[in-house]
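In what follows, a structure is listed as structure tokens, so that the remarks can point back to it.
The values are calculated or read from the model by the stated rules, or taken from the named source; none is laboratory data. No experiment lies behind these values; they were computed from the predicted model shown. No Cβ is skipped: glycine too gets one built from the backbone with ideal geometry, and neighbour counts run over all protein chains shown. Protein only, heavy atoms only, side chains kept; ligands, DNA and RNA dropped before computing areas. Shrake-Rupley method; radii C 1.70, N 1.55, O 1.52, S 1.80 Å.
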Amino acid sequence: MCGIFAYAGTKNAVPLLIEGLRSVEYRGYDSAGISVIDSYGEIQTMKRGDHKSSLENLANAVGDSLLSGLVGIGHTRWATHGEVNQQNSHPHSSNNGSVSIAHNGIVENFIELKDRLVDSGIEFQSETDSEVLAHLVGNAVASGNSLREAVINAASQIKGNTAIVAVSTAEPDLVVGLRVGNAGGIVVGKNDDVAVMASDTIALLPYTSEVIYIEPNEVVEIEKGDVRIFDLAGSVIDREPIVTSQNFEAAQKGNHPHFMSKEIAEQPEAIQGAMRGRADFSNGTLTLPEISLTSEQMRSLDRVILTGMGTSLHAAMFGASVIESLSRIPAYAENSSELRYRNPVLGPNTLVVAVTQSGETADTLAAMEHARSAGAPQGVVLELEGSQATRIAEFTLPIRAGQEIGVASTKTMIASMTTLLQLAVVLAETREAIDSDQVKVIVESMSELPSLVASALGINGQISELSERLSKFEDLLYLGRGAQLPIALEGALKMKELAYIHAEGYPAGEMKHGVNALLGSDMATVVSAPQNDLYEKMLSNISEVKARGGEVVAIATEGDETIKRVADHVIYVPECPELLQPFMTLIPMQLLSYRTALVLGRDPDKPRNLAKTVTVE
Ligand code: F6R
């Protein structure tokens, strides 16, 4: 979603702001803009609301202009209030042009504030909720407050989670950032004569690997080579930078046409990363040193709730299924936007495990905060260390997939699944639901996982033909059972978000209860049917679809000749222990949606209306 980048230094900020915005564009955006303080001390703003071309058009426009300055703020907008156009793009200025702000989050009481400001004679230039902040900050500066005081004052009048950056002609060397609640992070860094601020660590990496994360209810000033953090009462906060492990190369496409294809191909390494230092393949043991729960606590758990959104929810569903089957603790996964509002019964014996690659998803953070206040022990499975979720959870299990840039999650899902499988094994062993010999068998099979996934990735050929075929349909059905259900749901989600084809994921057993009404030659069905205890049931489901004239693509275990007799098309994945089958069947689901998106001329890295980091609910 919206991204921020700000610079205060000794070079022309304009091209650096554009570069900074390029680093955060993967979050998802439809507009882009910058404000700089020029050599006369005036604020100059340029912005574009041209959907996906916004940043390129802005880069061209600033390239053709004489715009320059040593201090500035930049923003990529993801529209919530007001359509996508130039006026609604950030930054927004106060009426006299002395203040410019960019904002992430939603000002929930903006109508009331706007009415008040309009009554006082302020003219609004946009339809956004954010513009009220420009005027509130502008008014507070005009009344003699410092920029920092003015930003705090404005934030105190609004409702909703917020991250703001602001510049003012009254203090032309300074950028102020403020964070209230969870509307995307703010991270700052400096080197000798430069200080930078962004919503994402990756944007700081060209300047420094030593970064400071700003917490909710904190305000930060950056100025040439200097970073100062305060609480909202004005007391100085002394915080040492931490050295980030993210690296810039990982965020480049390399020889791949898209980040998504690169990230799909990186999955064997992502799995290795998630197992590194945890699975000991020579001794057949598994440890998760990050878990802060005592063995006694793990033994007294009577429930595990996993939570997340979208693809992370599907990884959580897989996690629930392996935790329950291995450790015999009742476990289920629930959408965070539901969990946060339904006042669930939680307590010291319920372990809550949040799954969120970004660690910034607003609903997931809210569900986590709810669990924390209810006294439930809590862990988070994530990629982006340093993100807000790590500060809410009691313990963090990093998935170590390497930063994912494609909006559609692929390698972070498989690395989350790997991490959750390991959590299941550790819980099961601690609770003596499995013994060390059984752990050894599982660890041995996990050692094969990277190469099994690598060979599943080799099926690309058949996928191209099938994608051509699937691209002809307007409706698709995805079916699975047991641990294959989250994979079917993920297949449907990926097809919707990337190819924009209507796709439904369903438990196969649910078909007779309504879904069969849709079957016919105008809907194809993708069935995840590897050989396991539920295989025969899946064969029956395929026959039901065929009997009603439907076309079936089956994802099956290599060597399965029977399935060829019922399905129209078969994609084979490597044979492996049942516990690992979801890792195999996930691969064709990802490839089918990627290839179908290409057939239909969609951009798989930037699907329409979607954001990588969903910082508002
Ligand atoms: C779909 C996708 C999204 C995310 C969801 C949660 O491909 O990527 O559904 O999974 O927005 O994001 P995180 O994992 O950052 O909490």
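Structural remarks
- Each peptide in 448-456, 198-206 receives the mean, over its residues, of other Cβ atoms within 10 Å, and ordering these scores from highest gives 198-206, 448-456.
- Dipole magnitude of the chain, debye to nearest 20 (Cβ charges: Lys/Arg +1, Asp/Glu -1, about Cα centre): 660 debye
- Pairs from Lys159/Lys612; Lys411/Lys564; Lys440/Lys512; Lys537/Lys606; Lys11/Lys253 whose Cα-Cα separation, in the structure shown, is over 32 Å: Lys440/Lys512; Lys537/Lys606
- Net charge of Cβ neighbours under 12 Å - reference Asn532; Lys, Arg +1; Asp, Glu -1: -3
- FRET efficiency for Ile111 and Asp173, using Cβ-Cβ distance with R0 set to 22 Å, rounded to 0.05: 0.05
- Normalised by 2.2 N^0.38 Å, where N counts its residues, the alpha-carbon radius of gyration of the chain equals 1.01.
- Spin-label proximity, Asn191 to the range 205-220 - amide N less than 20 Å from point 7 Å beyond Cα toward beta carbon: 205-213
- Rounded to the nearest 500, the helix-only mean residue ellipticity at 222 nm of the chain stands at -10500 deg cm²/dmol, with each DSSP H run of n ≥ 4 adding -39,500 (n - 2.57).
- Distance between the 7 Å Cα→Cβ label points at Ser295 and Lys512: 4.8 nm.
- Placing Glu551, Glu127, Glu108 in order of accessible area, with the largest value first and a 1.4 Å probe, yields Glu108, Glu127, Glu551.
- Among beta bridges identified by DSSP and lying wholly in the range 259-447, the antiparallel ones come to about 10 percent.
- Most simply put, the chain has about 60% antiparallel DSSP beta bridges, counting only bridges with both residues inside it.
- Cut-off 12 Å between beta-carbons: net charge of the residues surrounding Asp437, Lys and Arg +1, Asp and Glu -1: -2
- The chain - percent of accessible surface contributed by carbon and sulfur, probe 1.4 Å: 47 percent
- Count Lys and Arg as plus one, Asp and Glu as minus one, and take only other residues whose Cβ is under 12 Å from that of Ala393; the net charge is then -2.
- Among 322-331, 581-590, 339-348, sorting by the average number of other beta carbon atoms lying within 10 angstrom of each residue, highest first, gives 581-590, 322-331, 339-348.
- Given their separation in residues at 0.36 nm each and the Cα-Cα distance between them, Asn255 and Ala61 gain 66.9 nm when the chain is fully extended.
- Per residue, the chain exposes an accessible area of 37 Å² to a 1.4 Å probe, with every protein chain left in place.
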